[in-house]
């Protein structure tokens, strides 16, 4: 009897092949998605760097700063950590003279100083490390004698020793090649102290404005925006304009109301106009015959939910003509409204937003779980989508 050799694959071989395919898919799928959505991924990447930096500062109880990489400011960040806890190192002065063999510094205040801080006493920066602090006696104790004599009134300050944070890899801080970033502040610098509180600085020093980082896709010209509010709250949004949302232009609305219906030029239309309150109709048709219609006054306009709409207050006793293209919150025409006009409307909305103003004034704290915060984030996403559409 002849024995035939088995053909095909065993269960173990099939499982091994499936495992290899699964591993390769897990590796390549994120890379493919990253390449297909550079703007979205770049926005999330930058927001993640800011959030991770804040968490890192809190975890290590050290100040941490983020700024554009000087060698590639439009596409890369640099993250540095310091031995100090504060973004703005504290300074005090000696209240008494000290000898070279002393390690006790009597100062005006020990507030802001902590064990491990490196000090600059006058011009001396050599191994002046704080061992302990005593707020009751306002004394800083060094780990070893100072080695130099100083008189009363000598300045004592913390040395901010900024060094690159090794937990952040350079490839993770580099944005996709087709995405560049622009800040609203020149030479901006974002610093988180040991409590996670943000301080934003620019060319002129500490800034009062929130930090806004705009990421622009060089291919699609779409934008992503990251906002770091004063205090440390971070929000990000990818601007993806909806095709069915059109923003209405103020000048277009004025033209329609002053010239009447434009449909008379292409087809028949009937416009109701009753200047004498007698219900008479003005008709225009294809044969060119028409009844003259008294000119309508331009209505006033007002801001409604961040959108320019005709005012609801009556201006006269005439009945406005019916226009099927009336402006509402869901029907806009952004092509005829300039960016500066939209920005003015957006800024007016911010100025009138009670929640945003209370955050700026410090009368209310940021609570991500609160309904006002969620409503504000929802509204600002809508406004930014409209602004950059």
Could you give me the residue pairs with C-beta distances under 7 Å whose first residue belongs to the range 226-243 and is in the same structural domain as residue 190 (by TED's automatic domain parsing) and under 18 Å from residue 197 (Cα atoms), whose second residue is assigned to a loop (DSSP other than H, G, I, E, B) and modelled with pLDDT under 85 wherever it lies, and which are 6+ apart or on separate chains?
231/366; 233/366
Just give me the residues in the range 358-368 being part of a loop (DSSP other than H, G, I, E, B) and within 16 Å of residue 232 (Cβ to Cβ), in sequence order.
362, 364, 365, 366, 367, 368
Which residue out of 91, 60, 100, 95 is surrounded by fewer than 17 Cβ atoms within 10 Å (Cβ to Cβ) and closer than 16 Å to residue 164 by Cα?
60
Residues of the range 332-356 being under 19 Å from the mean Cα position of the chain (by Cα) and modelled with pLDDT under 80, in sequence order, are 339
What number goes with the only condition from (1) in contact with a strand residue (DSSP E or B) (Cβ under 6 Å, 6 or more places away or on another chain); (2) buried (at least 17 other Cβ atoms within 10 Å of the Cβ); (3) farther than 30 Å from residue 105 by Cα that residue 176 does not pass?
(1)
Looking only at the range 369-389, filter to residues that are touching a helix residue (DSSP H, G or I) at 6+ places or on another chain (Cβ under 9 Å) and not in a helix (DSSP H, G or I); which one of those is surrounded by the fewest Cβ atoms within 10 Å (Cβ to Cβ)?
389
Yes/no for residue 148 being touching a strand residue (DSSP E or B) at 6+ places or on another chain (Cβ under 6 Å), outside the structural domain of residue 54 (by TED's automatic domain parsing) and not in a strand (DSSP E or B):
yes
In the range 128-164, anything more than 40 Å from the chain's Cα centre (by Cα), touching a residue at least 60 places away in the same chain (Cβ under 8 Å) and surrounded by 14 or more Cβ atoms within 10 Å (Cβ to Cβ) is listed as 154
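The values are calculated or read from the model by the stated rules, or taken from the named source; none is laboratory data. Values in this document were obtained by computation on a predicted structure and should not be read as measured data. Counting neighbours? That spans all protein chains shown, and the Cβs are built from the backbone with ideal geometry, glycine included.
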